[in-house]
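Structure, as structure tokens:
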Amino acid sequence: METISQARAFGGVQGVYRHTSAVTGCPMDFAVFTPPQAADEPVPVLTYLSGLTCSWENATVKAGAQRFAAREGMLFVAPDTSPRGFDFPGEHESYDFGSGAGFYVDATEEPWSRNYRMYSYVTEELPALIAANFPADSARQGIFGHSMGGHGALVVALRNPQRYRSVSAFAPIVAPSQCPWGEKAFGGYLGSDRAAWADYDATELIGNSGWQSEILIDQGTADDFLESQLKPELFQKACEAAGAKLTLRIQEGYDHSYYFIATFMEDHVAHHARLLKTP
């Protein structure tokens, strides 16, 4: 693992790191904020998954999470959103597929299946790397994200309830099988068999997930993608049918930007802290 940069922040250290990933077959950059409490003991891990066109940098620079992670004593991890640098045909032609748009799935279609394996990267390789190189209490993990990353966070948590204690999301794509972004990504990465898409659709997963803790979602009413892509009511209905605990907060006048995320970041970090610090 290579250290790209480190800076003192809120009594802790904000770092950017690089490693060669066996899962994606390329160098992967990621950011970690280590809180001051980690000098004395291992701390809980909170992973943030970013959205379309983003990388580790968006949340690290814009979301303001470090202040709250320092207060609560949590390691804040921000990975990239896709592999980089392969130049597959069509990889860089659109914002919602390919580079910067890995959708947190393990692709099964060529050529994407060779490298676009962000689900395995986020759930297996990156946590192992964090555990080996940082003062992380891997028994206490939470995950959250924005938009495509909110989709990823929900899917990762619902498929791994034994590993993650907490989950939340900002304006997540909750039913990718029923929206244009998801249909394009899943068709390209997973193929035409829509039955295979259910493994990466939170609305499909919630019923049999066994997820126990409260799920927090914030959604702005001025979000341009609310009706066409995000459709939180679909997940809300599925949670009600499954008896899952969902707090869906509709925020009047907020859009899809990092101004929205920064406004409610404190609430989300506190949500995770409460669940991760509970014995």
Short to long, in 10 Å steps from zero, the percent of alpha-carbon pairs of the range 1-111 per bin is 14, 41, 29, 13, 3
Lysine pairs in the chain with Cα distance under 21 Å, only those 8 or more apart or on different chains: how many are there? 4
Using a 1.4 angstrom probe and counting only protein chains, how large is the accessible area of residue 61 in Å², to 10? 100
Counting pairs of alpha carbon atoms under 8 Å apart in space and at least six apart in sequence, what relative contact order in percent does the chain give? 17
Which residue, 264, 33, 170, has the most motion in a Gaussian network model of the chain that connects Cα atoms within less than 10 Å? 264
For a paramagnetic label modelled at 7 Å from the Cα of residue 113 toward its Cβ, which residues of the range 182-215 fall within the zone defined by backbone nitrogen distances under 16 Å? 186-197
So how exposed is residue 140, as accessible area in Å² (1.4 Å probe, rounded to 10)? 60
Over the range 43-110, relative contact order from alpha-carbon pairs under 8 Å, at least 6 apart, %: 37
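For residue 19 and residue 250, what does the FRET efficiency come to when R0 = 45 Å and r is the distance between their Cβ atoms, rounded to the nearest 0.05? Show your work: numbers first, answer last.
Working: r = 40 Å, r/R0 = 0.88.
So the FRET efficiency works out to roughly 0.70.
Would you mind telling me the antiparallel percentage of the DSSP bridges in the chain, rounded to 5?
Details: 22 of 46 bridges.
In the chain, DSSP labels about 50 percent of beta bridges as antiparallel.
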Expected output is a single nm value to one decimal: the length gained when fully extending between residue 139 and residue 266, i.e. 0.36 nm times separation in residues minus the C-alpha distance. What is it? 43.4 nm
Label of the coordinate-derived value, log10 I(q)/I(0) by the Debye sum over Cα atoms at q = 0.09, 0.12, 0.14, 0.15 Å⁻¹, listed as (i) -0.67, -0.97, -1.12, -1.19; (ii) -0.53, -0.85, -1.03, -1.12; (iii) -0.37, -0.67, -0.94, -1.10: (iii)
Residue (of 73, 251, 213) at the positive-pole extreme of the chain, dipole from beta-carbon charges: 73
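Below 8 Å, C-alpha to C-alpha, sequence gap of six or more: please give me the relative contact order for the range 71-207 in percent.
20
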Give the accessible area for residue 181 in Å² (nearest 10); use a 1.4 Å probe, count only protein heavy atoms, and leave out ligands, DNA and RNA. 10
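The values are calculated or read from the model by the stated rules, or taken from the named source; none is laboratory data. All values derive from a computational prediction rather than experimental measurement. Cβ atoms come from the backbone with ideal geometry, glycine included; neighbour counts cover every protein chain shown. In case anyone asks, the SASA skips ligands and DNA or RNA and just uses the protein heavy atoms, side chains included. Shrake-Rupley method; radii C 1.70, N 1.55, O 1.52, S 1.80 Å.
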